[in-house]
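Visitor: Here you go, one structure.
The values are calculated or read from the model by the stated rules, or taken from the named source; none is laboratory data. Note that the coordinates shown come from a computational prediction; the quantities given were computed from them, not determined experimentally. Cβ atoms come from the backbone with ideal geometry, glycine included; neighbour counts cover every protein chain shown.
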There are 2 protein chains.
Amino acid sequence: MGIDDRTKKLIDKLKQGDVSALARSITLIEEGELDISSIEDLINGKGKSYRIGFTGPPGAGKSSLIDWLIKHMRNSNEMVGVLATDPSSPFTGGAILGDRIRMQHHFLDQQVFIRSLGSRGAKGGISRITRDASYLMQAAGYKFIILETVGVGQTELDIMNIADTVAVVLVPESGDFVQTMKAGLMEIANIFVVNKADREGSKQMLNSLKFLIETSNAVQDMWQIPVVLTNGLDGTGTDELFRTILRHIDFLNSHTDTELFLRKRLHELKQIASEQLSTNIEDAINGSTMGDYISKLKNPSISPYKILKQLMQDKSFLEKILK
Amino acid sequence: MGIDDRTKKLIDKLKQGDVSALARSITLIEEGELDISSIEDLINGKGKSYRIGFTGPPGAGKSSLIDWLIKHMRNSNEMVGVLATDPSSPFTGGAILGDRIRMQHHFLDQQVFIRSLGSRGAKGGISRITRDASYLMQAAGYKFIILETVGVGQTELDIMNIADTVAVVLVPESGDFVQTMKAGLMEIANIFVVNKADREGSKQMLNSLKFLIETSNAVQDMWQIPVVLTNGLDGTGTDELFRTILRHIDFLNSHTDTELFLRKRLHELKQIASEQLSTNIEDAINGSTMGDYISKLKNPSISPYKILKQLMQDKSFLEKILK
């Protein structure tokens, strides 16, 4: 995908903070019509943004919590963006807008940008779209970029890996979820939140989480995973949650030379590289290069591994995937 | 990964139908210790196997149905393999053995091989492991290879794309599931099964499915998607299900020059190619090549897209990923 004058203009407007240019360019990402690596030079160089991931079981009240956090972030006068995904549903495109209604009283605030993401058939899947959209928001000057997702499957993990800080939101009733997912939770969580903490069992959940943290082998470079109690209805504890997020961001900033920081960056690089090559492979295989291989493909007794071996010796194929 | 004498011996034994060699080599695939493309020459050339995918919501009774199908397949004197996965749980490795107990009375039958697959941290994920394991089973002489998975998320779709024939198993109560997933279901299903058909509402489910099939745009090259009513408790309808599967296999065999067949093969090729390159990228980035890039990675203001661009110009990096 080349970059034309119209795209250039769009990105220019986006960098000036134009909200409709941002919305339009995210749509282009969703539709696979804009390749962020082709505009990398254009979007680079803006101030650092922080990506804050929120995940947890359905019904944990993430949207209400995020609503409160937006308030705290706006009080510190920073621009806030929210990218919400529901990757459990690849077919609906995952964009469940209804749930975002709770955040809608920020809709009149020009400094708050809320967007539900779907994949709309674009290559690379929803985690790629989320990451690319977050880079566009960074270029548009958003300081805090909140990534919201539901569940802790592979796709959700991929999305949470984009975040600098990951908050796992639970409720007192999430015992089973924690039991089933504990290895995965300990892998991604930087902060645990027990929401709806006015309900019975919240103390018990707090203790289980503390026990889990103490007995786990998860090393986060001296970061002790905190547990914050909140109530999304009246906002109790959400100021502490915001302070805890800021504390983790400070921690990251003073530890850029650590193993953890490098690991995150390497992970991101691997993902981007493998997504880009996958897209190129898809294009190359869909393209006309395959003429010589069609008869082999039509023969079911020739394994795809054999065909791939031949393709990897084929100069014109390699040129296409390394474009 | 080179291929040593021990691996050669293992694959030789596997090709003679040695069950423990098959089990051992699948474990090596799960652990990422065996790269099937490196033994492609060894396993190639055995008779054609058929991969039959079973998916649907949890509790639809897939395991009992598969149990009956194994009986019918064994009556036709063919070797049967089952690969079961639960990809919704990336952390437990997805290997829920308890559910397979219903199939256990086949455990004494040497011609039936049942295996729960987990990823155990191997690269490429569970769909790669499932596909590679199915190629090993093909080399070992299994004619029918049943792939069982739960749900219809992206990973399950990837697994079902490996199958020649996909049966979606529903129960009379699956109305909501069908409504939510209908686009995805119509994309993958070659056969619909309404199991527990003695229950109330099965007629209604049958009619909804027929309506869905009639009104859908899914073109399957003249294949009319059938709906089969079954009862996993007493086996009612499972003989018809088996005949329907055979009919679809016949259909595929007489349509190898169709768009559909080619599309499946191209899809498989793309997946294998992108998985292999992803693995190579991971190895290359984890390896020592990255020395020059570490300082860039440690600088958070340099975007990963920029670093990737430089890597893609780097000959020693390219050599590693195209090895």
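Visitor: Would it be correct to say that residue B:224 is more than 7 Å from chain A (Cβ to nearest Cβ), closer than 30 Å to residue B:197 by Cα and polar (S, T, N, Q)? Let's see the steps before the verdict.
Guide: Working: more than 7 Å from chain A (Cβ to nearest Cβ): yes; closer than 30 Å to residue B:197 by Cα: yes; polar (S, T, N, Q): yes.
Yes.
Visitor: Another question, if that's okay. Could you list all residues from the stretch B:22-31 that are in contact (Cβ under 8 Å) with a residue 60 or more places away in the chain and out of contact with any Gly (no Cβ under 7 Å at 6 or more places or on another chain)?
Guide: So in the stretch B:22-31, the residues in contact (Cβ under 8 Å) with a residue 60 or more places away in the chain come out as B:22-23, B:25-26, B:29-31.
Hits for the stretch B:22-31 are B:22, B:23, B:25, B:26, B:29, B:31.
Visitor: For the stretch B:295-313, which positions are farther than 20 Å from residue A:275 by Cβ and facing chain A (nearest Cβ under 7 Å)?
Guide: In the first step, residues of the stretch B:295-313 are kept if they are farther than 20 Å from residue A:275 by Cβ; the result is B:295, B:298-301.
Listed by number, the residues that qualify are B:298, B:300, B:301.
Visitor: Can you tell which of A:40, A:33 is at pLDDT 75 or above, within 14 Å of chain B (Cβ to nearest Cβ) and either within 30 Å of residue A:171 (Cα to Cα) or outside any strand (DSSP E or B) (or both)?
Guide: Working: A:33 fails: within 14 Å of chain B (Cβ to nearest Cβ).
Unique residue meeting the criteria: A:40.
Visitor: Would you be able to tell me the number of residues in the stretch B:190-219 that are more than 14 Å from residue B:174 (Cα to Cα) and loosely packed, with under 14 Cβ neighbours inside 10 Å?
Guide: Final tally of qualifying residues: 6.
Visitor: A further question on this structure: Here are the criteria: (1) crowded, with 17+ Cβ neighbours inside 10 Å; (2) away from chain A (no Cβ under 13 Å); (3) outside any helix (DSSP H, G or I). Tell me which single one residue B:58 does not satisfy.
Guide: Only one criterion in (1) crowded, with 17+ Cβ neighbours inside 10 Å; (2) away from chain A (no Cβ under 13 Å); (3) outside any helix (DSSP H, G or I) is unmet by residue B:58, namely (1).
For every residue, the table says whether it meets (1) buried (at least 16 other Cβ atoms within 10 Å of the Cβ); (2) modelled with pLDDT of 95 or more; (3) under 20 Å from the mean Cα position of the chain (by Cα).
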position: A:221; (1), (2), (3): no, no, no
position: A:234; (1), (2), (3): no, no, no
position: A:237; (1), (2), (3): yes, yes, no
position: A:242; (1), (2), (3): yes, yes, yes
position: A:245; (1), (2), (3): yes, yes, yes
position: A:251; (1), (2), (3): yes, no, no
position: A:259; (1), (2), (3): no, no, no
position: A:262; (1), (2), (3): no, no, yes
position: A:267; (1), (2), (3): yes, no, yes
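Visitor: Now for a different question. Which condition from (1) modelled with pLDDT under 85; (2) within 14 Å of another protein chain (Cβ to nearest Cβ); (3) under 23 Å from the mean Cα position of the chain (by Cα) is the one that residue B:131 breaks?
Guide: (1) is the only condition that residue B:131 fails.
Visitor: Given the conditions (1) on the phi > 0 side of the Ramachandran plot; (2) touching a residue at least 40 places away in the same chain (Cβ under 8 Å), and given that residue A:222 satisfies all but one, which numbered condition is not satisfied?
Guide: So residue A:222 meets the others, but not (2).
Visitor: Something else now. So, in the stretch A:261-293, of the ones that are aliphatic (A, V, I, L, M) and facing chain B (nearest Cβ under 7 Å), which residue ends up farthest from residue A:160 (Cα to Cα)?
Guide: Here is the first cut: in the stretch A:261-293, the ones aliphatic (A, V, I, L, M) are A:262, A:266, A:269, A:272-273, A:277, A:281, A:284-285, A:290.
Filter once more, so that each one left must be facing chain B (nearest Cβ under 7 Å): A:262, A:266, A:269, A:272-273, A:277, A:281, A:285.
Working: A:262: 16, A:266: 15, A:269: 15, A:272: 15, A:273: 18, A:277: 22, A:281: 26, A:285: 31 Å.
Per the criteria, the residue is A:285.
Visitor: Same structure, new question: Evaluate the stretch B:241-248: report whether one residue or more is more than 14 Å from chain A (Cβ to nearest Cβ) and β-branched (Val, Ile, Thr).
Guide: Residues of the stretch B:241-248 more than 14 Å from chain A (Cβ to nearest Cβ): B:241-248.
Of the ones still in play, those that are also β-branched (Val, Ile, Thr) are B:244-245.
So far as the stretch B:241-248 goes, yes, one or more of its residues are more than 14 Å from chain A (Cβ to nearest Cβ) and β-branched (Val, Ile, Thr).
Visitor: Oh, and also: Could you tell me whether the stretch B:81-98 includes any residue that is at pLDDT 90 or above, in contact with a strand residue (DSSP E or B) (Cβ under 9 Å, 6 or more places away or on another chain) and more than 30 Å from residue B:182 (Cβ to Cβ)? Walk me through how you get there before you give the answer.
Guide: To start, the set of residues in the stretch B:81-98 that are at pLDDT 90 or above comprises B:81-83.
Next, from what is left, pick out any that are in contact with a strand residue (DSSP E or B) (Cβ under 9 Å, 6 or more places away or on another chain): B:81-83.
Filter once more, keeping what is more than 30 Å from residue B:182 (Cβ to Cβ): B:81.
Yes: one or more hits.
Visitor: Okay, moving on. Any residue at all in the stretch B:170-188 that's over 30 Å from residue B:11 (Cα atoms), at pLDDT below 95, within 15 Å of the chain's Cα centre (by Cα) and of a type outside the set (D, E, K, R)?
Guide: yes
Visitor: Can you tell me which residue among B:177, B:211, B:192 is touching a strand residue (DSSP E or B) at 6+ places or on another chain (Cβ under 6 Å) and on the phi < 0 side of the Ramachandran plot?
Guide: On the way: B:177 fails: touching a strand residue (DSSP E or B) at 6+ places or on another chain (Cβ under 6 Å); B:211 fails: touching a strand residue (DSSP E or B) at 6+ places or on another chain (Cβ under 6 Å).
Unique residue meeting the criteria: B:192.
Visitor: Being outside any strand (DSSP E or B), under 18 Å from residue A:146 (Cα atoms), at pLDDT 90 or above and touching a strand residue (DSSP E or B) at 6+ places or on another chain (Cβ under 8 Å) is true for just one of A:52, A:26. Which residue is that?
Guide: On the way: A:52 fails: outside any strand (DSSP E or B).
Among A:52, A:26, only A:26 is outside any strand (DSSP E or B), under 18 Å from residue A:146 (Cα atoms), at pLDDT 90 or above and touching a strand residue (DSSP E or B) at 6+ places or on another chain (Cβ under 8 Å).
Visitor: Would a scan of the stretch B:277-288 turn up a residue that is of a type in the set (Asp, Glu) and farther than 24 Å from residue A:301 by Cβ?
Guide: Of the stretch B:277-288, the ones of a type in the set (Asp, Glu) are B:282-283.
Subset that is farther than 24 Å from residue A:301 by Cβ: B:282-283.
Yes: one or more hits.
Visitor: Considering each of A:25, A:49, A:64 in turn, give the residue that is within 14 Å of chain B (Cβ to nearest Cβ) and crowded, with 16+ Cβ neighbours inside 10 Å. Full working, then the answer.
Guide: Values: A:25 fails: within 14 Å of chain B (Cβ to nearest Cβ); A:64 fails: within 14 Å of chain B (Cβ to nearest Cβ).
None of the others qualify; the one that does is A:49.
Visitor: If I go through the stretch B:246-293 residue by residue, how many of them are farther than 22 Å from residue B:49 by Cβ, β-branched (Val, Ile, Thr) and outside any helix (DSSP H, G or I)?
Guide: Within the stretch B:246-293, residues that are farther than 22 Å from residue B:49 by Cβ, β-branched (Val, Ile, Thr) and outside any helix (DSSP H, G or I) number 0.
Visitor: With the structure loaded, tell me whether residue B:261 is in the same structural domain as residue B:131 (by TED's automatic domain parsing) and farther than 26 Å from residue A:262 by Cβ or whether it fails that test. Please lay out each step first, then the result.
Guide: Numbers: in the same structural domain as residue B:131 (by TED's automatic domain parsing): no; farther than 26 Å from residue A:262 by Cβ: yes.
It is false that residue B:261 is in the same structural domain as residue B:131 (by TED's automatic domain parsing) and farther than 26 Å from residue A:262 by Cβ.
Visitor: While we're on this one: Within the stretch B:174-189, can you find the residues that are under 24 Å from residue B:68 (Cβ atoms), crowded, with 20+ Cβ neighbours inside 10 Å and free of Cβ contacts under 8 Å to residues at least 60 places away in the same chain?
Guide: B:185, B:189
Visitor: Okay, moving on. Would you call residue A:163 modelled with pLDDT of 95 or more and either closer than 30 Å to residue A:40 by Cβ or within 14 Å of chain B (Cβ to nearest Cβ) (or both)?
Guide: On the way: modelled with pLDDT of 95 or more: no; either closer than 30 Å to residue A:40 by Cβ or within 14 Å of chain B (Cβ to nearest Cβ) (or both): yes.
Considered against the rule, which asks whether it is modelled with pLDDT of 95 or more and either closer than 30 Å to residue A:40 by Cβ or within 14 Å of chain B (Cβ to nearest Cβ) (or both), residue A:163 comes out as no.
Visitor: I've got another one for you. Among the listed residues B:71, B:123, identify the single one that is surrounded by fewer than 23 Cβ atoms within 10 Å (Cβ to Cβ), in contact with a helix residue (DSSP H, G or I) (Cβ under 9 Å, 6 or more places away or on another chain), at pLDDT 90 or above and at negative phi.
Guide: Within the list B:71, B:123, the selection yields B:71.
Visitor: Pull out all pairs, ordered by first then second residue, where Cβ-Cβ is under 8 Å, the residues are six or more apart or on different chains, the first lies in the stretch A:292-310 and is farther than 17 Å from residue B:257 by Cα and modelled with pLDDT of 85 or more, and the second is aliphatic (A, V, I, L, M) and assigned to a helix (DSSP H, G or I).
Guide: That search, which allows pairs on different chains as well, returns A:305/B:36; A:305/B:272; A:307/A:297; A:307/B:269; A:308/B:269; A:308/B:272; A:308/B:273.
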